[in-house]
Amino acid sequence: MTNPSHIIYPAKVAIIGGGPAGLMAAETLSLAGIHVDLYDAMPTVGRKFLMAGKGGMNITHSEASTPFLSRYGTRQAHIAPLLNVMEPQALRQWIHALGINTFVGSSGRVFPTDMKAAPLLRAWLHRLREAGVNFHMRHRWIGWDNRKLKFSAPNGEVTYEADAVVFALGGGSWARLGSDGAWVKLFNQHGIAVSALKPANCGFNTNWSEHFTSRYAGSPLKTIAVSTIDEHGQYHRKPGECMVTAHGIEGSLIYALSANIRNTIDNYGEATIYLDLLPDRPLEQVLADVSHPRGSRSLSSHLQSRLGVKGIKAGILRELVSAEDYTNPVKLGNAIKSLPLKLTSARPIDEAISSAGGVDFECLNEQLMIKALPGVFCAGEMLDWEAPTGGYLLTACFASGRSAGLGVIDWLKTNN
């Protein structure tokens, strides 16, 4: 990472939030010789970062820039300048400079060699402390007192006056780890435009029968594809796998389409997705195999023998196809290739991997400063954007923290 030009006068900056965006802003500023105080409501920083790494720390993705940027949907134009400041390969180089090697998995996702988040975070915090960053734990931001920031701390309320501040307070998911969205009310009180926080990368509810959930809740649906039609009438299809739950359906395949599904439910009260249970077989072949004479075999045995449809795939067909259509080879074959599943609502935001909504980009300048509050910057998931899992979330959080830090440096040079 290139060191920005040092500030030649004393300056104090407060960072509020100790996730990847806040820590990256702190590093950027400390490298410029700026005094940095970082505040976080939790006992330690990076809690959601560590939790996200428990199943394997997916730090970024190796795909080309155009498809990478497309993962940010309607916010591509706002995320692109951030990625120009810290694109995925630069992020990997930054990790390597911490002494952590990375590798590209078969899916194109990028991981630390040991797949863990904790060693990366430890090395990073050591470097930040060496750079002079001061950490204030169990300090919850509770608003402003004129120019001073107010915090609820273990020994009572404290205030701090900084030359600039970077808010990196996260979204509204995983409240137990610190991202509780409590900042939204405080921002609204100061006239800062904030779009409502909504679940992203989330599961959805449907009305399974008790018989189906008793047998299949917690079971994976593997080697399928899901198709959706979004609120704009555009068709989307994605292969992968997901999980049947007692309430509905979730997993990586559903998360990748969750924005479209959630927005359709918001607009129409429900959304229908279509499951292709045999994505590697064309419809014509499926119809031919379903229609093939089965002799004395049961239909379930026939589907297993001819098509390999068994277990949860057979169960979900029974669940969603009427008894009349199940015995009609043409309708059953079409259902195997395009099985409609009605989803009624998203799971609660606190169960979601991330959240959509947040501070509107329209009230920020190109360096993420709130136009109505000079010297106040925002970064990370508290901005109004979303992305699927696969390294895209973390990459934009790191990049926005870096951008906000550079924005503070430029603002201090101009205004002091």
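Across the stretch 204-346, the mean sequence separation of Cα contacts (distance under 8 Å, 6 or more residues apart), normalised by length, yields a relative contact order of 31 percent. Mean separation of Cα pairs under 8 Å and 6 or more residues apart, divided by the residue count, gives the stretch 302-416 a relative contact order of 17 percent. When each of 382, 57, 137 is scored by the number of other beta-carbon atoms lying within 10 Å, the sequence from fewest to most is 137, 57, 382.
Hey, fewest Cβ within 10 Å first, where do 167, 361, 68 land in order?
Listed from fewest to most nearby Cβ atoms, that is 361, 68, 167.
Would you mind calculating the relative contact order of the chain from Cα pairs under 8 angstrom and at least 6 residues apart, reporting the percent as a whole number? All intermediate terms of the calculation are to be shown ahead of the outcome.
On the way: 850 pairs, mean separation 96.9, N = 416.
Worked out over the chain, it gives 23 percent.
Rg and Dmax of the chain, both derived from C-alpha coordinates alone, stand at 24.5, 88 Å.
Tell me, 209, 400, 65 in order of fewest to most beta-carbon neighbours within 10 Å?
Fewest-to-most Cβ neighbours within 10 Å comes out as 209, 65, 400.
A crude spin-label estimate for the pair residue 12 and residue 93, with each label 7 Å from Cα along the Cβ direction, gives 3.6 nm. Near the amide H of residue 377, within less than 5 Å, lie the amide hydrogens of 165, 166, 167, 370, all on another chain or at least 5 residues away, with H placed in the peptide plane.
Classify the stretch 204-346 from the C-alpha gyration tensor, please: rounded if a/c falls under 1.5, else prolate or oblate depending on whether a/b exceeds b/c. Here the stretch 204-346 falls in the prolate category. The ellipsoid that matches the Cα gyration tensor of the stretch 124-180 has semi-axes, each √(5λ) in whole angstrom, of 19, 18, 12, with the longest given first.
Computed from the coordinates by the stated procedures, all read-outs in this text should not be read as laboratory data. Because the structure is a prediction, the values reported are computed rather than measured. Counting neighbours? That spans all protein chains shown, and the Cβs are built from the backbone with ideal geometry, glycine included.
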